[in-house]
Amino acid sequence: MADEITLEVARYRPGVDAEPVMQQYQVPLREHWAILDGLTYIKDQLDGTLSFRWSCRMGICGSCGMTVNGEPQLSCATFLTDYAPGPIRVEPLRNFPVIRDLVVDIDDFMTKLPTVKPWVIRDVDEPVEAGEYLQTPEELDDYKQFSMCLNCMLCYSACPVYSLDQDFIGPAAIALAQRYNLDSRDEGAEERRAVLTSPEGIWACTFVGECSAACPKGVDPAGAIQRYKLTAATQSIKELLMPRIKR
Ligand code: SF4
Ligand code: FES
């Protein structure tokens, strides 16, 4: 195995640079080094001006998403040796404005997320003294997969619908709505319905499935969307046949 590998890293300062330029750096090719370790080496040893986001270094915080050789990846969970002998092209996540170098602006998602009310909603909130809302393991299984979302934005970066229509609520927001819709303790599905069934919601999805392929946590947002399409269609038919039934 070679001692070094080349990282080609996108450098860009909006308002200063006319367009991104790729800059090459040689970094040590170590067996357990992730792409993030290579970038950290660049920042510490070669060029302190390189900007990128990270926090946990263990695939939990969701902040280190980047485009690696054309694919959205968590840079702390993607290894240099997987791409040897290189070079490895590292760019910001697609479909988001670039703030600087590899740092993108995810304000669009942060604005959309609360519109699907991703929290447990109860018709009547019981006082704490009333005790816990109990749940069986089977009930937990129904939504657990969707609760694994890191808000890493890899699915938005991979989504061809979002790339064309930034009004689309998007895969993670819909998966997180389903995380609560399917929670046996929640009674808020009706409050989420108007947003989810709007033109920017589930019906905008063409089920390409790239979001689920990109997800590092197996959340399967495409599956969440298709499952909610079935729920919404069933509800509409019921309301058509029995107009007084709302749910
Ligand atoms: S659904 Fe998966 S890819 Fe999308 S934000 Fe959540 S963890 Fe990331
Ligand atoms: S640094 Fe937290 S997921 Fe990569």
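The values are calculated or read from the model by the stated rules, or taken from the named source; none is laboratory data. These figures come from a predicted structure and were not determined experimentally. Virtual Cβ from ideal backbone geometry, glycine too; neighbours counted across all protein chains shown. Quick note on the areas: whole protein, heavy atoms, side chains included, nothing else; ligands and nucleic acids left out. Shrake-Rupley method; radii C 1.70, N 1.55, O 1.52, S 1.80 Å.
Inside the stretch 67-96, residues that are among the polar types (S, T, N, Q), touching a helix residue (DSSP H, G or I) at 6+ places or on another chain (Cβ under 6 Å) and under 17 Å from GLU31 (Cα atoms) make up a count of 2. Of all the listed residues (GLN26, GLN73), the sole one being open to solvent by 60 Å² or more (accessible area, probe 1.4 Å), more than 19 Å from PRO97 (Cβ to Cβ) and part of a strand (DSSP E or B) is GLN26.
Residues to consider are PRO137, PRO118; find the one that is open to solvent by 60 Å² or more (accessible area, probe 1.4 Å) and at negative phi.
On the way: PRO118 fails: open to solvent by 60 Å² or more (accessible area, probe 1.4 Å).
Step by step, each of PRO137, PRO118 is checked, and only PRO137 is open to solvent by 60 Å² or more (accessible area, probe 1.4 Å) and at negative phi.
As a summary of the residue check, LYS144 satisfies the conditions (1) open to solvent by 10 Å² or more (accessible area, probe 1.4 Å); (2) modelled with pLDDT of 95 or more; (3) more than 16 Å from ligand 2 (Cβ to nearest atom); (4) under 12 Å from ILE225 (Cβ atoms) except for the one numbered (4).
From the residues in the stretch 208-245 that are within 27 Å of CYS61 (Cα to Cα) and part of a loop (DSSP other than H, G, I, E, B), which one is nearest to the chain's Cα centre (by Cα)? Filtering the stretch 208-245 for residues that are within 27 Å of CYS61 (Cα to Cα) and part of a loop (DSSP other than H, G, I, E, B), the one nearest to the chain's Cα centre (by Cα) comes out as CYS215. Looking only at the stretch 40-84, filter to residues that are under 18 Å from ASP3 (Cβ atoms) and hydrophobic (A, V, I, L, M, F, W, C); which one of those is farthest from ligand 1 (Cβ to nearest atom)? So, considering only residues that are under 18 Å from ASP3 (Cβ atoms) and hydrophobic (A, V, I, L, M, F, W, C), the one farthest from ligand 1 (Cβ to nearest atom) is LEU46. Is it true that some residue in the stretch 200-220 is out of contact with any Cys (no Cβ under 9 Å at 6 or more places or on another chain), at pLDDT 95 or above and at positive phi? Within the stretch 200-220, one or more residues are out of contact with any Cys (no Cβ under 9 Å at 6 or more places or on another chain), at pLDDT 95 or above and at positive phi.
Residues in the stretch 32-67 that are within 6 Å of ligand 2 (Cβ to nearest atom), surrounded by 17 or more Cβ atoms within 10 Å (Cβ to Cβ) and among the hydroxyl-bearing types (Ser, Thr, Tyr): SER63 alone.
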